[in-house]
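Input: a single structure, listed below in structure tokens.
The values are calculated or read from the model by the stated rules, or taken from the named source; none is laboratory data. Values in this document were obtained by computation on a predicted structure and should not be read as measured data. Positions of Cβ are generated from backbone atoms using ideal geometry, with glycine treated the same way; all protein chains shown enter the neighbour counts.
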Amino acid sequence: MFRLLLLLSLTCPAIASEERAREIIDEMEQLYRGDSSDATMTMQVQTPNYNRTLTMTAQSFGKDYGFFRIQAPKKDRGVATLKRDEEMWNYFPKINKVIKVPPSMMMGSWMGSDFTNDDLVKETQLIDAYSLALIETEDEYKVTLTPREQTVTVWDRIEYTISKDPLLPLSQAFFDDDGEKIRELTFHEPKEYYGKLMPSILEMRPLNKEGHLTRIMYDDIKFNVPEITKDTFSLRNLKSRF
């Protein structure tokens with residue numbers, strides 16, 4: 001790959017820049033995923049009117065499969081979300097019902113947080129859905145992601161900032177069609193999980209909603225778990241009661 005990048009840099013700097021940006025963003029997307037992953041997380045939702053804390057488990061397989069299940073508080077225990085490719089379902093144990101999330105609801109709030117359903121479905125597809133431009137400083141990479149013509153999104157662009165040493169995400173800023181920054185995702189407190197260094201806290205702040213903040217804290221995460229396969233991500237398992 002290095003020899004390819006060197007050749008590209010000599011023949012077409014713009015192509016080399018995008019290729020390097022794709023490598024960087026792909027590595028960032030792999031941070032929380034691996035071939036498979038099994039995590040426990042705490043999510044805090046802050047608003048001017050109330051605060052809410054959820055603990056949950058999360059599994060993934062590749063970039064196309066995701067599973068989230070709430071463990072606490074007791075009134076929400078068992079509520080779950082299944083993601084397969086670009087499709088998504090929610091399960092509500094109190095009514096024993098699975099509801100498929102329609103495309104019209106993808107920009108809706110996930111679990112009452114400042115993350116959207118679309119964030120869960122599209123979060124690992126940045127390098128496929130966007131064109132990338134790289135600016136490099138002494139300490140950071142700054143990648144601007146612009147939607148490809150066929151990409152359906154509400155964002156005019158995403159600005160992604162990554163530290164060089166260590167190579168870790170710092171922030172993502174989301175801009176609307178008017179060029180206004182609407183929300184910002186920031187990454188904090190790098191920790192080592194089984195030999196893998198990654199930010200342990202993610203904070204999503206909508207800039208058009210004063211006093212709103214969602215914080216996700218990784219309590220633990222394991223990678224390349226043999227027990228997690230494609231079969232884990234079935235509608236039958238979605239309805240499993242815990």
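Can you name the number of the only condition in (1) buried (at least 17 other Cβ atoms within 10 Å of the Cβ); (2) in contact with a Lys or Arg (Cβ under 9 Å, 6 or more places away or on another chain); (3) not acidic (Asp, Glu); (4) not in a strand (DSSP E or B) that TRP155 fails?
(2)
To keep it simple, each residue is scored yes or no on (1) more than 24 Å from THR47 (Cα to Cα); (2) buried (at least 16 other Cβ atoms within 10 Å of the Cβ).
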{"site": "ALA173", "(1), (2)": "no, yes"}
{"site": "GLU189", "(1), (2)": "no, no"}
{"site": "LEU197", "(1), (2)": "yes, no"}
{"site": "LEU202", "(1), (2)": "no, yes"}
{"site": "HIS212", "(1), (2)": "no, yes"}
{"site": "ASN224", "(1), (2)": "yes, no"}
{"site": "THR232", "(1), (2)": "yes, yes"}
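Quick one: which of THR229, THR161, THR186 is among the hydroxyl-bearing types (Ser, Thr, Tyr) and within 24 Å of GLU86 (Cα to Cα)?
Being among the hydroxyl-bearing types (Ser, Thr, Tyr) and within 24 Å of GLU86 (Cα to Cα) holds for just one of THR229, THR161, THR186, which is THR229.
Which one of THR81, THR57 is surrounded by fewer than 19 Cβ atoms within 10 Å (Cβ to Cβ), at negative phi and outside any loop (DSSP other than H, G, I, E, B)?
THR57
Could you list, in sequence order, all residues of region 110-128 that are part of a loop (DSSP other than H, G, I, E, B) and either modelled with pLDDT under 80 or over 13 Å from LEU82 (Cβ atoms) (or both)?
MET111, GLY112, SER113, ASP114, PHE115, GLU123, THR124, GLN125
Go over the candidates ARG215, ARG183, ARG236, ARG205 one by one and state the one that is over 19 Å from the mean Cα position of the chain (by Cα) and of a type in the set (D, E, K, R).
Only one candidate qualifies: ARG236.
Which members of region 178-226 meet the condition of being farther than 24 Å from TYR50 by Cβ, assigned to a strand (DSSP E or B) and β-branched (Val, Ile, Thr)?
ILE221
Condition check: more than 25 Å from SER37 (Cα to Cα), modelled with pLDDT under 95 and either over 17 Å from the mean Cα position of the chain (by Cα) or surrounded by 15 or more Cβ atoms within 10 Å (Cβ to Cβ) (or both). Does GLU149 satisfy that?
yes
Please pick out the residue among ILE127, ILE70 that is in contact with a helix residue (DSSP H, G or I) (Cβ under 7 Å, 6 or more places away or on another chain), of a type outside the set (Gly, Ala, Ser) and within 21 Å of ARG215 (Cα to Cα).
ILE70
In region 85-109, how many residues are surrounded by fewer than 17 Cβ atoms within 10 Å (Cβ to Cβ) and assigned to a strand (DSSP E or B)?
8
Can you say whether PHE175 is among the aromatic types (Phe, Trp, Tyr) and under 30 Å from PHE92 (Cα atoms), as far as the supplied structure shows?
It is false that PHE175 is among the aromatic types (Phe, Trp, Tyr) and under 30 Å from PHE92 (Cα atoms).
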